[in-house]
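Have a look at the structure below before the remarks.
The values are calculated or read from the model by the stated rules, or taken from the named source; none is laboratory data. Predicted, not measured: the structure shown is a model, and the values here were computed from it. Cβ placement follows ideal geometry from the backbone for every residue including glycine, while neighbour counts extend to all protein chains displayed.
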Amino acid sequence: RTPGPGISLAELPLRPELVGAEPYGAPQLDVPVRLNTNENPYPPSARARAHMAREVERAAGSINRYPDREALALRADLAAYLGFGLDSSNIWVANGSNEVMTHILQAFGGPGRTVLSFTPTYSMYPEYARNTHTRYVTAPRREDHTLDAELVTAAVAEHRPDVLLITTPNNPTGTLTPVKVIEEVCERVDCLVVVDEAYQEFTEVPEDSSLALLARFGRLIVTRTMSKAFALAGGRVGYLAAAPAVVDACRIVRLPYHMSAQTQAIARVALAHRGEMLAQVQALREECQGMQEWMRRAGLEVVPSQSNFILFGRFADRHGVWQEILDAGVLVREVGPEGFLRLNAGTPDEMRAFREAIGPILARPG
Ligand code: PMP
């Protein structure tokens, strides 16, 4: 028995919109092969880890003090990594792009405001909206999951959002939206345009980014993360690039000292070792492309992906298939349109384990 008077959630004065809500998150199961959260399967090298340990130890020497509230050194490093003439005044950083997106909606969403995104898409967006009291509306993507300026501007005309949210490559479909489309949208709408480029480094031409448009559009925000290509999911570092005024807005709503000294230190080490941290991106991209071809040959329906994950189906009983793959020691994600599952690229051994796990299912008649 747990100590305390014993009270259930139903007896607590929970905000009405939270009643019945479940905490978000994919299952964190202890299985040999985990391919369900689009992580990078390669940990940092011993050299990078030793450097992280040294810098965390150095940070501990002044851990009695609050960290740099503005995270200026880290923001300068992120600006240098992105290029495009950006500097620290263009960059905002937080604990994962989840928190960055929350800051954006705290600053620019809120009661009476609307955020619009295009489904199927990342399942956390409605939660950021709920938590910031922002109305969340969606419009469907084209049948093939692509977006074009006509579809986006028509949805903007219909819903009149304050914030438009475009994910490219999109999660869970892996679909790229060309920079040309983002450019046309920025020319034709006057709301804030947030482009979530969490998986940009995995695309065929990573430099082909909406970052190139920032010099022309003051209401454009590009978000990125160190969780995927940078193999730093556990470090919790996401960031945005935008006009300095957007950064100033985020600075108003953030909690003071939101980035711990250790997080700032580790992120800076990862950036200093970026050659190595990003070294597996190409290999993961190839693994992902190879798996798409294998799946097609195996008769599966595959959404063409420009990312490190694949949406595949179509299964009459996707939960049953998910469970059967899990029973064989491989965890994939039950997400996206009915009948589909999502798998992220792992090591060659992990990809082999997946092929072996799904083999018997594909061999079954019907
Ligand atoms: N955006 C997209 C499209 C994502 O898929 C994810 C992670 N699954 C995130 C943002 C959040 O990443 P993080 O908070 O780890 O930076």
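List of remarks:
- Given (1) away from the ligand (no atom under 12 Å from the Cβ); (2) in a helix (DSSP H, G or I); (3) of a type in the set (S, T, N, Q), index of the condition THR102 fails: (1)
- Filter result for the condition that a residue is among the small types (Gly, Ala, Ser) and away from the ligand (no atom under 16 Å from the Cβ), over ALA229, ALA212, ALA198: ALA212
- Wholly enclosed helices (runs of 4 or more DSSP H) of segment 216-317 bearing at least 3 residues modelled with pLDDT of 95 or more and surrounded by fewer than 23 Cβ atoms within 10 Å (Cβ to Cβ): 244-253, 261-272, 281-297
- Test result for VAL185, among the β-branched types (Val, Ile, Thr), in a loop (DSSP other than H, G, I, E, B) and either away from the ligand (no atom under 16 Å from the Cβ) or closer than 21 Å to TYR125 by Cα (or both): no
- Of all residues in segment 120-157, those being in contact with a Gly (Cβ under 8 Å, 6 or more places away or on another chain) and either over 27 Å from THR102 (Cβ atoms) or hydrophobic (A, V, I, L, M, F, W, C) (or both) number 1.
- Candidate set from segment 144-175 (those that are closer than 17 Å to THR134 by Cβ and more than 16 Å from the ligand (Cβ to nearest atom)); member that is surrounded by the most Cβ atoms within 10 Å (Cβ to Cβ): PRO161
- Residue in segment 68-76 that is within 19 Å of VAL246 (Cα to Cα), in contact (Cβ under 8 Å) with a residue 12 or more places away in the chain and of a type in the set (Asp, Glu) present: yes
- The one condition in (1) more than 24 Å from the chain's Cα centre (by Cα); (2) within 19 Å of PRO120 (Cβ to Cβ) that GLY320 fails to fulfil: (2)
- Subset of segment 322-348 (residues that are in contact with a Phe, Trp or Tyr (Cβ under 6 Å, 6 or more places away or on another chain), surrounded by fewer than 22 Cβ atoms within 10 Å (Cβ to Cβ) and touching a residue at least 24 places away in the same chain (Cβ under 8 Å)): GLY339
- In summary, ALA21 fulfils each of the numbered conditions (1) assigned by TED's automatic domain parsing to the domain that holds TYR199; (2) loosely packed, with under 14 Cβ neighbours inside 10 Å with the single exception of condition (1).
Here is a yes/no grid of residues against (1) more than 16 Å from the ligand (Cβ to nearest atom); (2) of a type outside the set (Ser, Thr, Tyr); (3) assigned by TED's automatic domain parsing to the domain that holds TYR125:
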position	(1), (2), (3)
TYR66	yes, no, yes
GLU70	yes, yes, yes
ALA73	yes, yes, yes
ALA76	yes, yes, yes
GLY85	yes, yes, yes
SER89	yes, no, yes
VAL93	no, yes, yes
SER97	no, no, yes
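- Verdict on ARG355 being of a type in the set (D, E, K, R), part of a helix (DSSP H, G or I), out of contact with any helix residue (DSSP H, G or I) (no Cβ under 9 Å at 6 or more places or on another chain) and surrounded by fewer than 18 Cβ atoms within 10 Å (Cβ to Cβ): no
- Residue match in segment 81-103 (condition: more than 16 Å from the chain's Cα centre (by Cα), closer than 19 Å to LYS228 by Cα, surrounded by fewer than 22 Cβ atoms within 10 Å (Cβ to Cβ) and among the aliphatic types (A, V, I, L, M)): yes
- Between GLU286, GLU356, the distinction of being closer than 22 Å to GLY174 by Cα and among the acidic types (Asp, Glu) belongs to GLU286 only.
- Hits in segment 12-64 - residues which are more than 16 Å from the ligand (Cβ to nearest atom), touching a Leu at 6+ places or on another chain (Cβ under 7 Å) and either closer than 21 Å to ARG236 by Cα or not aliphatic (A, V, I, L, M) (or both): LEU29
- Restricting segment 279-301 to residues that are of a type in the set (A, V, I, L, M) and under 19 Å from PRO348 (Cβ atoms), the residue that is farthest from the chain's Cα centre (by Cα): ALA298
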